[in-house]
Amino acid sequence: GAGVSQTPSNKVTEKGKYVELRCDPISGHTALYWYRQSLGQGPEFLIYFQGTGAADDSGLPNDRFFAVRPEGSVSTLKIQRTERGDSAVYLCASSPWAGKGYNEQFFGPGTRLTVL
Amino acid sequence: AQTVTQSQPEMSVQEAETVTLSCTYDTSESDYYLFWYKQPPSRQMILVIRQEAYKQQNATENRFSVNFQKAAKSFSLKISDSQLGDAAMYFCAYRSVSGGSNYKLTFGKGTLLTVNP
């Protein structure tokens with residue numbers, strides 16, 4: 001079956017611009033996660049959705065970052081007034097559920113964002 | 001907060017040989033999951049192997065096995081009979097079993113594995 005997909009694969013933008021990154025999770029997965037992977041680092045947690053609601057957005061670095069998942073499926077990560085420090089690979093993952101008990105997070109191929 | 005440390009930024013191995021990647025972690029929890037993920041140039045994170053902390057037996061998946069030392073908080077990955085396709089970035093990761101953040105993965109900085117023909 002189809003895995004997690006992310007679009008665009010690469011995004012180049014200029015400092016100060018607004019960008020949207022899209023994630024299509026595996027069908028039926030209720031939990032969705034965004035991670036950010038800066039150069040030379042491991043992924044860092046940004047936000048977790050259970051259904052339509054953001055259950056934990058504690059990893060978002062500041063109020064320029066916002067994410068939505070209006071119908072409990074596709075999610076969009078939105079970054080306003082981009083800065084050069086926002087350049088990174090943004091990874092999305094989904095799982096059948098979240099919470100107690102093991103379930104695997106399946107990752108997408110990521111979006112590489114470059115802010116010039 | 002939990003931390004994961006991978007002290008080997010790069011490792012190399014000859015094809016068909018064995019290599020061990022190191023990982024240490026810090027936690028005050030008694031039950032948790034540990035993982036090794038592989039990230040090839042395609043960027044997609046692929047789960048290689050997982051270990052539940054309550055299990056004393058080390059996990060194995062074909063050519064991949066772990067050495068889990070709970071008291072030492074050490075979790076190394078052994079790759080046997082290395083293949084060219086094993087070349088990738090490898091990340092060690094931690095996840096709580098219970099509590100308010102039992103969905104978050106905490107990753108190390110990664111080890112870049114090169115496989116020489």
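Laboratory data are not the source of any read-out in this text; all were calculated from the coordinates shown. Since this is a predicted model, take the numbers as computed values, not measurements. Here Cβ is always computed from backbone atoms with ideal geometry, including for glycine, and neighbour counts include all displayed protein chains.
Relative contact order for the range B:3-112: what is it in percent, counting Cα pairs under 8 Å that are at least 6 residues apart?
Result for the range B:3-112 is 36 percent.
Which residue fluctuates the most in chain A, going by a Gaussian network model with Cα springs under 10 Å, if the choices are A:SER94, A:SER73, A:SER27?
Largest GNM mean-square fluctuation: A:SER27.
With +1 on each Lys and Arg Cβ and -1 on each Asp and Glu Cβ, and nothing else charged, work out how big the dipole of the range A:8-83 is about its Cα centre, in Debye to the nearest 20.
Rounded to the nearest 20 debye, it is 260 debye.
What ³J(HN,Hα) values, in whole Hz, does the Karplus curve 6.51 cos²θ - 1.76 cosθ + 1.60 give for the range B:67-83 when θ = phi - 60°, with x put for Gly and Pro?
Values, residue by residue: 10, 9, 10, 5, 5, 7, 6, 10, 8, 9, 10, 10, 10, 9, 6, 3, 10 Hz.
Using the Karplus equation 6.51 cos²θ - 1.76 cosθ + 1.60 (θ = phi - 60°), what ³J(HN,Hα) coupling, rounded to whole Hz, does each residue of the range B:42-58 give in order, writing x for Gly and Pro?
5, 6, 6, 6, 10, 6, 9, 6, 9, 9, 8, 5, 6, 8, 6, 6, 6
Once phi is turned into θ = phi - 60°, what whole-Hz ³J(HN,Hα) does the Karplus curve with 6.51, -1.76 and 1.60 give for every residue of the range B:103-113, x standing for Gly and Pro?
Whole-Hz 3J(HN,Hα) from phi for the range B:103-113: 10, 7, 8, 10, 9, x, 7, x, 10, 8, 9.
Using a 10 Å cut-off on Cβ to Cβ distances, tally the other chain neighbours for every residue of B:45-54 and report the average as a whole number.
Taking the mean over all residues of the peptide, I get 2.
Please list, by residue number, every one of the GluC sites (Glu not before Pro) in the range A:14-116 that is coil in DSSP and has at most 11 other beta-carbon atoms within 10 Å.
Sparse-neighbourhood loop GluC sites (Glu not before Pro): A:GLU14, A:GLU71.
Considering only C-alpha atoms, what is the centroid distance from the range B:43-76 to the range A:49-108, in Å?
26 Å
Determine the dipole magnitude for the protein assembly as shown: charges of +1 sit on the beta-carbon of Lys and Arg, -1 on that of Asp and Glu, nothing else is charged, the reference point is the Cα centre, and the result goes in debye to the nearest 20.
Here the protein assembly as shown has a charge dipole of around 360 debye.
If you average the sequence gap of Cα pairs under 8 Å that are 6 or more apart and divide by the length of chain A, what percent do you get for the contact order? Working shown, then result.
Values: 296 pairs, mean separation 42.1, N = 116.
The normalised contact order for chain A reaches 36 percent.
For the range B:80-117, which trypsin sites (Lys or Arg not before Pro) are in a loop by DSSP, counting at most 16 other Cβ atoms within 10 Å? Write out the running numbers ahead of the final one.
Numbers: sites: B:ARG95, B:LYS104, B:LYS109; in loops: B:LYS104, B:LYS109.
Here the sparse-neighbourhood loop sites are B:LYS109.
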